[in-house]
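First up is the structure itself, then whatever we jot down about it.
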């Protein structure tokens with residue numbers, strides 16, 4: 001193989017790698033989020049009470065097309081735009097067992113609810129919690 005062919009092959013590999021890296025960087029949207037409010041219900045001595053919960057910080061990662069979100073310690077949430085005409089920038093992400101993450105793409109605001117089937121509904125002992133806050137692009 002000639003030197004020119006080797007250089008051409010090396011350049012092809014370098015350019016391909018750069019395209020792959022750029023594509024993977026573009027393929028995800030990463031945000032650092034923090035709640036500004038946190039509340040919920042908990043059971044204490046057999047009685048349900050409304051509680052003030054500690055604010056949380058977390059990092060989320062959306063797929064390029066906003067159809068999945070990761071980082072809420074619950075695996076991937078499936079996402080969609082539930083009201084494209086009324087709220088085209090609002091993404092609703094759902095996971096099993098009463099978890100919902102709503103995100104506004106332009107304002108970077110969110111709500112996250114973790115309602116448990118063995119919480120208030122079934123008079124169990126799990127805590128139901130709701131967070132609201134803002135995110136910053138990473």
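Considering only residues that are out of contact with any strand residue (DSSP E or B) (no Cβ under 6 Å at 6 or more places or on another chain) and loosely packed, with under 12 Cβ neighbours inside 10 Å, look in the range 55-74 and name the one that is farthest from residue 134 (Cα to Cα).
Within the range 55-74, the match that is farthest from residue 134 (Cα to Cα) is 65.
For the range 32-59, give me each residue that is within 12 Å of residue 112 (Cα to Cα) and in contact (Cβ under 8 Å) with a residue 60 or more places away in the chain.
33, 34, 35, 36, 37, 38, 39, 40, 55, 56
Would you mind finding the one in 97, 131 that is part of a strand (DSSP E or B) and over 12 Å from the mean Cα position of the chain (by Cα)?
131
Regarding residue 49, is this residue loosely packed, with under 13 Cβ neighbours inside 10 Å, assigned to a strand (DSSP E or B) and out of contact with any helix residue (DSSP H, G or I) (no Cβ under 8 Å at 6 or more places or on another chain)?
Numbers: loosely packed, with under 13 Cβ neighbours inside 10 Å: yes; assigned to a strand (DSSP E or B): yes; out of contact with any helix residue (DSSP H, G or I) (no Cβ under 8 Å at 6 or more places or on another chain): yes.
Taking the combined requirement at face value, the residue satisfies it.
Evaluate the range 117-126: report whether one residue or more is at negative phi, in contact with a helix residue (DSSP H, G or I) (Cβ under 8 Å, 6 or more places away or on another chain) and either exposed (fewer than 13 other Cβ atoms within 10 Å of the Cβ) or in a strand (DSSP E or B) (or both).
The answer is no, given that none of the residues of the range 117-126 is at negative phi, in contact with a helix residue (DSSP H, G or I) (Cβ under 8 Å, 6 or more places away or on another chain) and either exposed (fewer than 13 other Cβ atoms within 10 Å of the Cβ) or in a strand (DSSP E or B) (or both).
Here's a check for you: in the range 75-93, which residue that is assigned to a strand (DSSP E or B) and surrounded by 15 or more Cβ atoms within 10 Å (Cβ to Cβ) is farthest from the chain's Cα centre (by Cα)?
Filtering the range 75-93 down to residues assigned to a strand (DSSP E or B) leaves 77-80, 90-93.
Within this subset, residues satisfying the condition of being surrounded by 15 or more Cβ atoms within 10 Å (Cβ to Cβ) are 77, 79, 90-93.
Numbers: 77: 7, 79: 9, 90: 13, 91: 10, 92: 10, 93: 8 Å.
Within the range 75-93, the match that is farthest from the chain's Cα centre (by Cα) is 90.
Laboratory data are not the source of any read-out in this text; all were calculated from the coordinates shown. Since we're looking at a predicted model, the values are computed, not measured. As a convention, Cβ positions derive from the backbone with ideal geometry for all residues, glycine included, and neighbour counts pool all protein chains shown.
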